[in-house]
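The values are calculated or read from the model by the stated rules, or taken from the named source; none is laboratory data. Computed from a predicted structure; not experimentally measured. No Cβ is skipped: glycine too gets one built from the backbone with ideal geometry, and neighbour counts run over all protein chains shown. All accessible areas refer to the heavy atoms of the entire protein, side chains included, with ligands and DNA or RNA removed. Shrake-Rupley method; radii C 1.70, N 1.55, O 1.52, S 1.80 Å.
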There are 2 protein chains.
Amino acid sequence: MLAPAGASLLTLETPRLILDLDRLEKNCSRMRARCEVLGVALRPHLKTAKSVDVARVATDGAGAITVSTLKEAEHFATASYRDILYAATIVPGKFVHAARIMAMGCDLVLVTDSPAVVADASSFATEQKITLSFLIEIDCGEHRSGLAAGSAEIVALARAIHAAPGLRLRGVMTHAGHSYGPSDPADVVAIAAAERDAAVNAATAIRAAGLPCEIVSVGSTPTVLYADHLHGVTEVRAGIYMLWDLAQLSRHVCRIEDIAVSVLASVIGHNRAGRALILDAGALALSKDIGANKYLPDAGYGYVCDVHTRERLGKLSVDVVHQEHGTVAVDDESWFEKLPVGTLVRVLPNHACITCAAYEAFDAVRGDAVVARFARVNGW
Amino acid sequence: MLAPAGASLLTLETPRLILDLDRLEKNCSRMRARCEVLGVALRPHLKTAKSVDVARVATDGAGAITVSTLKEAEHFATASYRDILYAATIVPGKFVHAARIMAMGCDLVLVTDSPAVVADASSFATEQKITLSFLIEIDCGEHRSGLAAGSAEIVALARAIHAAPGLRLRGVMTHAGHSYGPSDPADVVAIAAAERDAAVNAATAIRAAGLPCEIVSVGSTPTVLYADHLHGVTEVRAGIYMLWDLAQLSRHVCRIEDIAVSVLASVIGHNRAGRALILDAGALALSKDIGANKYLPDAGYGYVCDVHTRERLGKLSVDVVHQEHGTVAVDDESWFEKLPVGTLVRVLPNHACITCAAYEAFDAVRGDAVVARFARVNGW
């Protein structure tokens, strides 16, 4: 059930997704300050928060944003966002949806690395009498998608887009997804340099061919924070910095006291024989992502924290998950007295992007007071 | 976007959750026939399907069902289901919600293993002038929750419930969740026997103490299918049998051609250098559950199948997932010609309970024709 505004979070029915507004605001301020130092525009990625209310904090209004699905794009366009980058490569089956979003007055920027898609996009755009904007995706080392940095294919695709009726070449983008891999900041500095160089060199080559390249877009939270400089880059995309999680903590990209999101859960059982507490937060409420555990082996499926202080309870983690049950191993019997059945705890997520996707909304709090409910846009 | 009824699934915007109605119906018929042979009532668990339309097929109307959340209970009660077992132990913070569902005319049966919760429930029920129904949860060997099979605590808790004003003792329940562990059917037969004995012996002890025990509830899909008999059991709970998945395939509990649910995805990129296809189905569209992989190491995050024949494409699996990207390693270049960018594929889920939770609805198909959209009730 919903809590009346101003109610204590103790009145919420669990599990619930809790957003600490003070931390969110600090996280967003820090990233803005960082981008000012770097001299680049910030195009926040809303794939983690998926919330207009969070976007308002991240953008101070309705500035440029990044999204991971067209459903997100449509949701934000409905909320007056007018400059939206859909950061996954589009396929022809999604052109109609993209056109619908553009018809809302939105500058929707698309991404491609495929000559075949460019040809289809041109046919669609001319038929519909619209102009589709494209960035070319460059692979800066993650080796997931995009044209290889430095390859001749980049300028060739740029020429194809520029020459194609109904299409507009806007620039290039790359994403150093592998920046989430290392735990040593020195490695991230190198990855950030490679990401920047891949994008800037591609832009230089495209411009040298006499083609436009207005947008040079890079980013991931770690590379934005660790880049030694971003000369030549016009904008950065980053998202997890708004909320943070144990995966980022494990890579030393944030501090535990920066984590703005947690799952409010109830102790629903005591397994005394098995020396475990049972929570009503399991595989669905927390996700099965254990990306933090490589460098933070005790992360489990999340740290179990005091509901008020938000500090970790001893060394407690959610160790095993079933669909609606989370099992927390305890080292001594005293936990059964300290945390009776019915006790509320907060669980810090292993990977916030995945955990949050299970919830239709954040319960936004200041201290223990629930001050708002922020709707999220999940699915496709 | 939604497809008009009767449209081909080729018109759907991906990713989407596809439900093969012919397979669903066969799966439900088989389980009903199995329960008739066993002589037990079937109380289908809707935690996987979370859909009234699927429940209609599983129950032939609005019969007794099992749910995993109170949100599900409320959703099904709204759709005229009147006999609902909420199969996770309840805590006092959820009593108000439970009472609201009961006020809809629903016989909502609750579960507990805690004397403290029983005391609180009695206070709540007397205050609200209602009667709360309880089953006692027994631990039959999974060692997650419930009172140990054979322990004196069972009859003691039964006495406490029976004696408590406002409460009604309805019986016992147990869940052999560990039946999903082994891949050898002989092990499942033994687990099914232990599950049955734990419940039946508890019921016998409760009745011997002069207390009522109308419901003796056991179940998981594997134990229902493999039990040598279920004498003394009054009802079984099972859910995954409606849809099936690779986790069940890996334990030889279903055949691949029984799997009724798949994720419709598009090839959104060719990574020729990395010899991989990129799909628009990643960690959110498929989940990060890899429960199948212990016995089916090539399951990855799902088998990649032909959209029409539903047969697996070579040995293709989704090998790596990021939030909205799934990477499919290919053994030779011919796959790039066979599956151009834009091609639709179906991905069979590793663990359907978790995969389905990312979708607000199933697109129900017969053959390639989309015949309905079945809403799901996710979250809490």
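Only one entry of B:L246, B:L284 meets the criterion of being within 14 Å of another protein chain (Cβ to nearest Cβ) and crowded, with 24+ Cβ neighbours inside 10 Å, and that entry is B:L284. A:A364: open to solvent by less than 30 Å² (accessible area, probe 1.4 Å), touching a strand residue (DSSP E or B) at 6+ places or on another chain (Cβ under 7 Å) and more than 14 Å from every other protein chain (Cβ to nearest Cβ), yes or no? For A:A364, the condition - open to solvent by less than 30 Å² (accessible area, probe 1.4 Å), touching a strand residue (DSSP E or B) at 6+ places or on another chain (Cβ under 7 Å) and more than 14 Å from every other protein chain (Cβ to nearest Cβ) - is met. Taken over the stretch A:101-138, residues that are of a type outside the set (A, V, I, L, M, F, W, C), more than 8 Å from chain B (Cβ to nearest Cβ) and surrounded by fewer than 24 Cβ atoms within 10 Å (Cβ to Cβ) amount to 11. The residue of the stretch A:153-164 that is nearest to the other protein chains (Cβ to nearest Cβ), among those that are within 23 Å of B:L277 (Cβ to Cβ) and open to solvent by 50 Å² or more (accessible area, probe 1.4 Å), is A:E153.
The single condition among (1) in contact with a His (Cβ under 6 Å, 6 or more places away or on another chain); (2) assigned to a loop (DSSP other than H, G, I, E, B) that B:P212 does not meet is (1).
In this structure, B:S262 does satisfy being part of a strand (DSSP E or B) and away from chain A (no Cβ under 11 Å). Take B:I278 and decide whether it is under 15 Å from the mean Cα position of the chain (by Cα) and at negative phi. Against the criterion (under 15 Å from the mean Cα position of the chain (by Cα) and at negative phi), B:I278 does not qualify. Scanning the stretch B:35-49 for residues that are closer than 23 Å to B:A361 by Cα and more than 14 Å from chain A (Cβ to nearest Cβ) yields B:R43, B:P44. The lone criterion from (1) within 14 Å of chain A (Cβ to nearest Cβ); (2) more than 14 Å from B:F374 (Cβ to Cβ); (3) among the charged types (D, E, K, R) left unmet by B:R32 is number (1).
Listed conditions (1) within 14 Å of chain A (Cβ to nearest Cβ); (2) touching a residue at least 60 places away in the same chain (Cβ under 8 Å); (3) outside any strand (DSSP E or B); (4) not β-branched (V, I, T) are all met by B:R373, apart from (3). Here is the figure for the stretch B:62-83: residues that are assigned to a loop (DSSP other than H, G, I, E, B) and either in contact with a helix residue (DSSP H, G or I) (Cβ under 7 Å, 6 or more places away or on another chain) or more than 8 Å from chain A (Cβ to nearest Cβ) (or both) total 7.
Could you please give the count of residues in the stretch B:84-100 that are within 21 Å of the chain's Cα centre (by Cα) and either at the interface with chain A (Cβ under 10 Å from one of its Cβ atoms) or not hydrophobic (A, V, I, L, M, F, W, C) (or both)? Qualifying residue count for the region: 5. Of the residues that make up the stretch A:302-318, is at least one without any contact (Cβ under 8 Å) to a residue 24 or more places away in the chain and either acidic (D, E) or within 30 Å of B:P15 (Cα to Cα) (or both)? Yes: one or more hits.
Determine if the stretch A:165-185 includes at least one residue that is aromatic (F, W, Y) and under 25 Å from A:R56 (Cα atoms). Within the stretch A:165-185 (the criterion being aromatic (F, W, Y) and under 25 Å from A:R56 (Cα atoms)), the answer is no, since none of the residues qualifies. Checking B:L296, B:L279 one by one, the residue that is more than 9 Å from every other protein chain (Cβ to nearest Cβ) and buried (at least 23 other Cβ atoms within 10 Å of the Cβ) is B:L279 and no other. Number of residues in the stretch B:304-323 that are within 14 Å of chain A (Cβ to nearest Cβ), buried (at least 20 other Cβ atoms within 10 Å of the Cβ) and closer than 19 Å to B:E337 by Cα: the value is 1.
Residues checked against (1) over 31 Å from the mean Cα position of the chain (by Cα); (2) aliphatic (A, V, I, L, M):
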position: A:A285; (1), (2): no, yes
position: A:Y303; (1), (2): no, no
position: A:G314; (1), (2): no, no
position: A:D319; (1), (2): no, no
position: A:G326; (1), (2): no, no
position: A:G342; (1), (2): yes, no
position: A:V345; (1), (2): no, yes
